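I have placed the structure first, in the form of structure tokens, so that the comments after it can refer back to it.
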Amino acid sequence: MTETGDKLPFGLQPRSVLLLYTESNAFKRKENQQVSQRTFSIIKPDAVRKGHTAAILAEIEKAGFKIIAVKKLSISKTQAEGFYYVHKERPFFGSLTDFMSSGPIFPLVLEKENAIADLRKLMGATNPANAEEGTIRKKYAGSIEENAIHGSDGEDTAQFEIGYFFAGYELA
């Protein structure tokens, strides 16, 4: 029921949540004066092949992230090229897109205060040899190319990456 006593349709309950749409198009939720941020991640084919998916998801949740959406899928080389288009001129583009289309992946939408920075810290350096102890890449990555996990590096990037893999209705 609402404050006026009216029933809400479909069994919905009133909530005091304010959604903000920022200039960078990243959604943020303000609840009890805390601002949450959404970010995007992928558990990459190497980690999936090695059976590390559940352990990585557990580490993400243990770090305080709320998993908003997750799915398992395989992408084509063309889809990988679209996702990594920003790197099209880089020398590793071909091998990166071959790798990302080599097996199943788990795209994720995560939410937490300071989600982008906190996930990048949890992931560790791109090269697992340089990653701090206890990070996901130090524990589960085999090389700089097969480094177990991807994470957005900014709000604009997160919004693009979330939209690339998830429809709005999947994020409700």
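The values are calculated or read from the model by the stated rules, or taken from the named source; none is laboratory data. No experiment lies behind these values; they were computed from the predicted model shown. All Cβ positions, glycine included, derive from the backbone under ideal geometry; neighbour counts span all protein chains shown.
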Self-check item: Residue match in region 148-164 (condition: exposed (fewer than 13 other Cβ atoms within 10 Å of the Cβ), without any contact (Cβ under 8 Å) to a residue 24 or more places away in the chain and not polar (S, T, N, Q))
Solution: no
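Return the residues of region 94-108 that are in contact (Cβ under 8 Å) with a residue 12 or more places away in the chain and either in a helix (DSSP H, G or I) or more than 16 Å from Ile43 (Cα to Cα) (or both); say none if nothing qualifies.
At the first step, the residues of region 94-108 found to be in contact (Cβ under 8 Å) with a residue 12 or more places away in the chain are 95-108.
Across region 94-108, the qualifying residues are Ser95, Leu96, Thr97, Asp98, Phe99, Met100.
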Practice problem: Please state which one of Tyr169, Tyr140, Tyr84 is of a type in the set (Ser, Thr, Tyr) and within 24 Å of Lys62 (Cβ to Cβ). | Solution: Tyr140
Exercise. Show the residue pairs that are 6+ apart or on different chains and have beta-carbon atoms under 7 Å apart, the first residue being within region 111-123 and in a loop (DSSP other than H, G, I, E, B), the second being not hydrophobic (A, V, I, L, M, F, W, C).
Key: Glu113/Gln34; Glu113/Ser36; Glu113/Gln37; Asn114/Gln37
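Looking at region 78-93, which of its residues are in a helix (DSSP H, G or I) and either surrounded by 18 or more Cβ atoms within 10 Å (Cβ to Cβ) or not aromatic (Phe, Trp, Tyr) (or both)? Walk me through how you get there before you give the answer.
Filtering region 78-93 down to residues in a helix (DSSP H, G or I) leaves 78-83, 85-87, 93.
Selection gives Thr78, Gln79, Ala80, Glu81, Gly82, Phe83, Val86, His87.
Can you find a residue in region 100-115 that is touching a Gly at 6+ places or on another chain (Cβ under 6 Å), modelled with pLDDT of 95 or more, under 13 Å from His150 (Cα atoms) and aliphatic (A, V, I, L, M)?
Applying the first criterion (touching a Gly at 6+ places or on another chain (Cβ under 6 Å)) to region 100-115 yields 112.
Filter once more, keeping what is modelled with pLDDT of 95 or more: 112.
Checking which are under 13 Å from His150 (Cα atoms) leaves us with none.
So far as region 100-115 goes, no, none of its residues is touching a Gly at 6+ places or on another chain (Cβ under 6 Å), modelled with pLDDT of 95 or more, under 13 Å from His150 (Cα atoms) and aliphatic (A, V, I, L, M).
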Quiz prompt | Members of region 41-63 found to be touching a helix residue (DSSP H, G or I) at 6+ places or on another chain (Cβ under 7 Å) and acidic (Asp, Glu), listed by number | solution = Glu59
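Taking the residues in region 129-147 that are within 20 Å of Leu96 (Cβ to Cβ) and in contact with a Gly (Cβ under 7 Å, 6 or more places away or on another chain) as candidates, determine which candidate is surrounded by the most Cβ atoms within 10 Å (Cβ to Cβ). Give the derivation first.
So in region 129-147, the residues within 20 Å of Leu96 (Cβ to Cβ) come out as 129-131, 136-137, 140-147.
Subset that is in contact with a Gly (Cβ under 7 Å, 6 or more places away or on another chain): 131, 136-137.
Details: Ala131: 19, Ile136: 26, Arg137: 23.
Going through the qualifying residues, I end up with Ile136.
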